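Trainee: Below is the structure I would like to discuss, written out as structure tokens.
The values are calculated or read from the model by the stated rules, or taken from the named source; none is laboratory data. Since we're looking at a predicted model, the values are computed, not measured. Every residue, glycine among them, receives a Cβ derived from its backbone with ideal geometry; neighbour counts consider all protein chains shown.
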């Protein structure tokens with residue numbers, strides 16, 4: 001069964017299978033390929049070279065760029081067998097999650113056993129903001145599979161891109177020459193704005209220049225519309241938040257009244273309990289005095305003093321109850 005190479009195995013590939021590799025790009029079970037020097041802006045056909053005067057590229061919304069990896073891969077069987085006898089390598093290439101988080105669409109692909117050369121890929125900016133990429137920036141994750149007996153292919157890769165380095169344009173044969181216009185199916189509606197604009201571009205000089213300018217303005221208008229849509233959504237959310245705050249403010253007086261009512265009722269209950277307790281206490285003392293001669297004589301002698309003391313005690317209890325919540 002094919003096994004995925006770990007970081008220790010990948011480290012041994014540097015300089016042999018992964019040319020110009022760097023240890024800092026090694027992950028537990030993958031290697032992160034970096035942005036190479038050559039490429040092309042697909043919307044304009046403009047080629048570029050990084051690493052000298054230019055240090056990076058800027059990708060506008062709606063635009064695509066073809067890039068090349070900084071590293072070169074050598075999956076030739078004679079090279080792989082030096083490290084892993086009777087084995088071949090197969091690779092799966094996928095964009096890092098950073099790209100998708102920024103609205104960058106990039107395809108995943110596979111690297112066949114026996115391939116030798118530099119990998120190319122394409123990035124498309126679907127966000128509403130300009131994205132920037134610098135030379136040797138980590139962009140694509142390469143997962144390597146070791147193929148053993150029964151998994152190694154009979155015929156190794158020997159396609160159009162074998163042994164090619166740097167940026168290589170697409171070598172797809174495409175449609176045969178001589179096909180008539182009516183044999184093609186287009187997404188645009190006949191007589192619609194896109195059809196009229198396309199016919200204007202095909203009209204030749206000077207109308208094709210005007211058509212191209214209008215097409216560029218249309219792309220910019222779509223970008224601005226998208227940005228205004230995001231602003232509108234943000235304002236709508238802010239308005240809803242403000243309305244919720246106002247509703248809570250309107251509910252505040254009712255809440256305060258309810259709390260005051262509950263606290264008043266609790267206070268009244270405490271007063272009733274306190275007064276009832278005092279009354280029953282005095283009633284018990286009064287009955288004890290009436291039916292006891294010694295107590296009755298004592299209170300006849302010291303009744304005034306005891307009355308003043310009880311009055312002070314009642315006042316003290318009253319003050320304490322007022323201070324309690």
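Trainee: I need a count of the residues in region 7-64 that are assigned to a strand (DSSP E or B), under 14 Å from residue 166 (Cβ atoms) and over 28 Å from the mean Cα position of the chain (by Cα).
Mentor: Counting residues in region 7-64 that are assigned to a strand (DSSP E or B), under 14 Å from residue 166 (Cβ atoms) and over 28 Å from the mean Cα position of the chain (by Cα) gives 8.
Trainee: If you don't mind, there's one more thing I want to ask. Could you please give the count of residues in region 68-110 that are more than 25 Å from the chain's Cα centre (by Cα) and in contact (Cβ under 8 Å) with a residue 12 or more places away in the chain?
Mentor: Total meeting the criteria: 22.
Trainee: So how many residues does region 134-156 have that are within 20 Å of residue 3 (Cα to Cα) and crowded, with 16+ Cβ neighbours inside 10 Å?
Mentor: As a first pass, look at region 134-156 and keep what is within 20 Å of residue 3 (Cα to Cα): 141-154, 156.
Filter again for crowded, with 16+ Cβ neighbours inside 10 Å, leaving 141-147, 152, 156.
Matching residues across region 134-156 total 9.
Trainee: Answer with yes or no whether residue 83 is surrounded by 18 or more Cβ atoms within 10 Å (Cβ to Cβ), at pLDDT 90 or above and in the same structural domain as residue 58 (by TED's automatic domain parsing). Break it down into steps so the answer makes sense when it comes.
Mentor: Details: surrounded by 18 or more Cβ atoms within 10 Å (Cβ to Cβ): no; at pLDDT 90 or above: yes; in the same structural domain as residue 58 (by TED's automatic domain parsing): yes.
Considered against the rule, which asks whether it is surrounded by 18 or more Cβ atoms within 10 Å (Cβ to Cβ), at pLDDT 90 or above and in the same structural domain as residue 58 (by TED's automatic domain parsing), residue 83 comes out as no.
Trainee: Could you list, in sequence order, the residues of region 112-133 that are under 21 Å from residue 52 (Cβ atoms) and surrounded by fewer than 17 Cβ atoms within 10 Å (Cβ to Cβ)?
Mentor: 132
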